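K.L.:
Take this structure first; my questions come after.
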Amino acid sequence: VIALWVMVFIAIPIWSRLDAPGLDLAVYQTAMRALRIGHDPYADAMAIQTAYENQHVLHHPKSIPYPPLNYVYSPITLPLLRLIGRIPEALSGFAYWLVYAMGAFAVVWAEIQTIEDSERNYFAFLAPVVVFFPGLLGYDVILSGNIAYIIYGAVLVAAVLGWQENRWRWFYLAVLAASCCKPPFLVLLAIPLLSARKQWMPAGLTAVAGVGLFAVQPMIWPVLFRHFLQAINL
């Protein structure tokens, strides 16, 4: 098992040299650069994507592996993105990949905590390789830099704390923060409802708070919110 873990840690940096990592991270960085110069990151991304669709696909349909991607997190995330954008990009990028790696392996650690003693001998060999097979599919998403790995890592570690010590407030805070990126993350509130007692009230209040944070954004940032919805549609 130790040898397998060592091979996983060796394989990821080698893999990242053979394939271009950070597809989603590049989207976040582009949005930060747009905010740094006072632009609307949604409008900038949509302009690039529309130009690509109108011209590039017609003449060079296979010249790049992926079309341009939009920043599709809600406007409430932009103040934090603007703040991070003030940090030198090399430093913020290094810090992000460090937290990202911690999140990815936190997911595996949290899953290990749910294993029964009779299953441990089998799952000990599966745990190191699950990062390469999200949803049981062989895929390079681990290299994408998508913030979902950080979100799931934080939420699941907080869930372990809830299961072991019956302290769920960190879980609810993690899910509420996740819902600021994408409201569908509120579905994770099913975890305490299905695995702990007397969680209907705090889970319900967290759901209301998450929906409320999304609902007030059109009033606070009407133009940005409209562009955010257009970016999602595009």
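The values are calculated or read from the model by the stated rules, or taken from the named source; none is laboratory data. Because the structure is predicted, anything quoted here is derived from the model rather than measured. Heads up, the Cβs are rebuilt from the backbone with ideal geometry, glycines too, and the neighbour counts pull from every protein chain shown. Ligands, DNA and RNA are excluded from the accessible area calculation, which covers all protein heavy atoms including side chains. Shrake-Rupley method; radii C 1.70, N 1.55, O 1.52, S 1.80 Å.
Yes/no matrix, rows are residues, columns are (1) in contact (Cβ under 8 Å) with a residue 60 or more places away in the chain; (2) touching a His at 6+ places or on another chain (Cβ under 8 Å); (3) β-branched (Val, Ile, Thr):
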residue	(1), (2), (3)
GLY135	no, no, no
ILE147	yes, no, yes
TRP163	no, no, no
TYR172	no, no, no
CYS180	yes, no, no
PRO184	no, no, no
ALA207	no, no, no
ILE220	yes, no, yes
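K.L.:
Hey, ARG86 hits all of (1) of a type outside the set (A, V, I, L, M, F, W, C); (2) loosely packed, with under 11 Cβ neighbours inside 10 Å; (3) farther than 29 Å from ARG226 by Cα but one; which does it fall short on?
P.N.:
Looking at each condition in turn, ARG86 falls short on (3).
K.L.:
May I pose another question? For segment 107-127, which positions are polar (S, T, N, Q) and either part of a helix (DSSP H, G or I) or open to solvent by less than 70 Å² (accessible area, probe 1.4 Å) (or both)?
P.N.:
SER118, ASN121
K.L.:
Quick check on my filter: what residues within segment 9-50 are among the charged types (D, E, K, R), over 12 Å from PRO68 (Cα atoms), at pLDDT 90 or above and open to solvent by less than 70 Å² (accessible area, probe 1.4 Å)?
P.N.:
ASP40
K.L.:
Could you grab me the full set of residues in segment 187-230 that are aliphatic (A, V, I, L, M) and within 19 Å of ALA110 (Cα to Cα)?
P.N.:
Result: VAL187, LEU188, LEU189, ALA190, ILE191, LEU193, LEU194, ALA196.
K.L.:
Now for a different question. Quick one: what pairs do we get from segment 34-50, first residue part of a helix (DSSP H, G or I) and of a type in the set (A, V, I, L, M), second modelled with pLDDT of 90 or more and loosely packed, with under 14 Cβ neighbours inside 10 Å, C-beta under 8 Å, 6+ apart or different chains?
P.N.:
From segment 34-50, the pairs are MET46/GLN230.
K.L.:
Which ones in segment 157-178 are under 26 Å from ALA26 (Cα atoms) and more than 13 Å from the chain's Cα centre (by Cα)?
P.N.:
Matches in segment 157-178: LEU176 only.
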